[in-house]
Every structure is written in C-alpha cells, then in structure tokens.
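> This is the structure I have questions about; it appears just below.
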Amino acid sequence: MGKVTLITGATSGIGKATALLLAGKGYDVYAGARKTADGEALVAEAKGRGIPLKAVQLDVTDDGSVRAAVSRVAKESGRLDNLVNNAGFGFLGTVEESTDAEILRQFDVNVFGVGRMCRAVLPLMRAQRSGVIINISAWLGRMGFPLLTYYNASKYAVEAITDSLRYEAGPFGIRVHSVMPGLFGTRFVSKGLVANPATVSPASPYVALAAKLIPVVAKKINEGPDPVAVAEAVFRVIENAGSPIRAPVGVEAETFVPMAKQLSDEAFEAKVKEIFGL
C-alpha cells in the first residue's frame, strides 16, 4: 500500500493536480470532493490515465462531512500518512465594502476548514506517531494586497496555524508545512473567486483601483503555468523530512516572499506599489 493521503478540494486546480500526481506515484489517494458528481468525474478521468484513486465526499465547512471522510479513510486503510489542506476560494472586496457574511464565508472555508480537518486527523496521526500535514497557503499569505484583503487575511491565518501546530504536533512525530503558490493556471477566477458586488460596481469609490488590478491578476491566472508545479512541491515536502517549513512555488511567491523578509515594511510596500503601479 502506498502512503495514504487525503486531499481536500481535489477536483480542480491545485488539488486535482496533486491528487493525480501523487496517485500516479503510487500513493493511496483519497480525493476530497464537495460534490459527489465531481469526485466521480475525477475518478473516471484518473482511470482513463491508468491511475487508481478514490473520491470521498468532503465539505470542509461541515463537521459531519469532515468526520465521515476521515472515518472512511481510517476504516479502509487503517492509517493516514498525509493530509493536504487545499480547499479554498478567493474573495475580492475592499475593507469598506465587504460584508460580515462575505468575510465569514471566506474564513469558514479557508481557515476554519483547515482547523476542522486538522482536528479530525490529529488523533489518528498521534496514535500512529507519524504524519504530514501540508496546508496550501499562498504568496499573499505573507503580504498585503488591495482588493483581496480578506483572502490575504485567511492565508495569513493559515500560515499562523501552520507555525503554531508545528509546536503542538511535532512531539508526536507529525510534520506540518505550508506550500505557498503564486499565480497558476487554475479555475480560480472563473470558479474560485467571489466578488463583492459593490467593489466591482462602477459606483464604487475604488473603481479605478479595481479597473487597474483585476484584469492584471485575472490575466496572470488565466495564462499562468500548470499547477502541477505546486503538486510537485507537495510531493517533495512529503518525501523529504528535512523540508523547509514553507515552500514558495511560482514567480510571485518566489519573488515576494523572500523580498518581504529582506526589506523593511516600508521599503517592501514601496516596492509592491512600484511593481503593480499603485
């Protein structure tokens, strides 16, 4: 049996690329799918490529769904070697215009979902005294960026969970890492980005900022590189016990994450403004 791996949000983008790559390398992959039909489609696609994997219904905002998914993995495999917390979406909205409901939804998936998954798998990993938890963060998890404030905040929170959980889980033989993708060619814009109506309205006081940034970011994602590069980074982290705590992947992550460390806050902000014409 290959390494038993549960991946959330595994039917598109980075999650799908990771599920297919790991399963293709002999891992025993459970691909989390919020919609059963999407999971079945992924299994069929993988089968067509000669790659065996399993789909499991999994909604990270639903405690019962999370518990049921982890219980199934434990019952069928007797262990869980790796958890990849990938499920998430982006929310576009200014601080002034975003609503509490929108913000809570962003955090329910991107942050509380990570917490729910970790709570569910940690007893199993503690009992076996081994495991790897990889949280898919983002390059914006270490820097601010206009219009994506609450998405940024959710990824900052994922970074904080990653760092704190390492102290708690480490003594039980459990490794915790984050992988920080830049902009990749996924369906993030068409399916994974929700916009506050006021922010994208011509009446918004931020209309000039939105008109400048949204097309740039959308173009970079729509024409971005294959997310398999992120999947390969996940694989390297799992296979190498000496992997760094966080792994930036892609041009934006590999540019801005180290830059934020090297420069003062003021100098970094000035550089971001210069690069993006803010």
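> Using per-residue counts of other Cβ atoms within 10 Å, averaged over each peptide, order 196-205, 244-253 from highest down.
The densest-packed peptide leads the list: 244-253, 196-205.
> Something else about it: Short version: ³J(HN,Hα) in whole Hz for each residue of the range 136-141, in order, from phi by Karplus 6.51 cos²θ - 1.76 cosθ + 1.60 (θ = phi - 60°), x for Gly and Pro, what are they?
Using θ = phi - 60°, the values come out as 7, 9, 5, 4, 7, x Hz.
> Related question: Anyone know which of M259, M143, M180 comes out most mobile in the 10 Å Cα GNM of the chain?
Among M259, M143, M180, the largest GNM mean-square fluctuation belongs to M259.
> What lysines does K219 reach when the alpha-carbon gap must be under 16 Å and sequence neighbours fewer than 8 apart in one chain are set aside?
K191
> Can you flag which of K16/K273; K35/K155; K54/K220 are past 27 Å Cα-Cα? It would help to have the intermediate numbers written out before the result.
Details: K16/K273 34 Å; K35/K155 24 Å; K54/K220 32 Å.
Listed pairs above 27 Å: K16/K273; K54/K220.
> Would you mind telling me which residue in F145, F268, F256 has the biggest mean-square fluctuation in a Gaussian network model of the chain, where springs connect alpha carbons within a distance under 10 angstrom?
F268
> Further question on the same structure: Using a Gaussian network model on the chain with a 10 Å cutoff between Cα atoms, which of T99, T61, T162 fluctuates the most?
Result: T99 has the largest fluctuation of those listed.
> Please list 2-9, 270-277 highest first by mean number of surrounding beta-carbon atoms within 10 Å per residue.
In decreasing order of mean packing, 2-9, 270-277 become 2-9, 270-277.
> Just how far, in whole angstrom, is the range 209-233 from the range 69-86 if you go by their alpha carbon centroids?
31 Å
> Oh, and also: Please sort through the DSSP H helices of the chain and keep those with an alpha-carbon extent of at least 15 Å along the long axis and a Kyte-Doolittle average not below 1.0.
13-24, 207-222, 228-239
> With viscosity set to 1.567 mPa s and temperature to 4 °C, compute the Stokes-Einstein D of the range 28-98, Rh being the Kirkwood radius across alpha carbon pairs; µm²/s, no decimals.
Estimated diffusion coefficient is 93 µm²/s.
> Where the only charges are on Cβ atoms (+1 Lys, Arg; -1 Asp, Glu), what is the dipole of the range 4-276 about its Cα centre, to the nearest 20 debye?
With only Lys, Arg, Asp and Glu charged at Cβ, the dipole is about 760 debye.
> Mind checking which aspartates and glutamates have their C-alpha under 15 Å from K212, skipping anything on the same chain fewer than 8 residues away?
E274
> Leaving out same-chain residues fewer than 8 places away, which aspartates and glutamates sit with a Cα under 17 Å from that of K25?
Filter leaves E45, D81, E232, E239.
Each value in this text was obtained by applying a stated rule to the coordinates, not by laboratory testing. Keep in mind that this is a model prediction, so the values were computed, not measured. Every residue, glycine among them, receives a Cβ derived from its backbone with ideal geometry; neighbour counts consider all protein chains shown.
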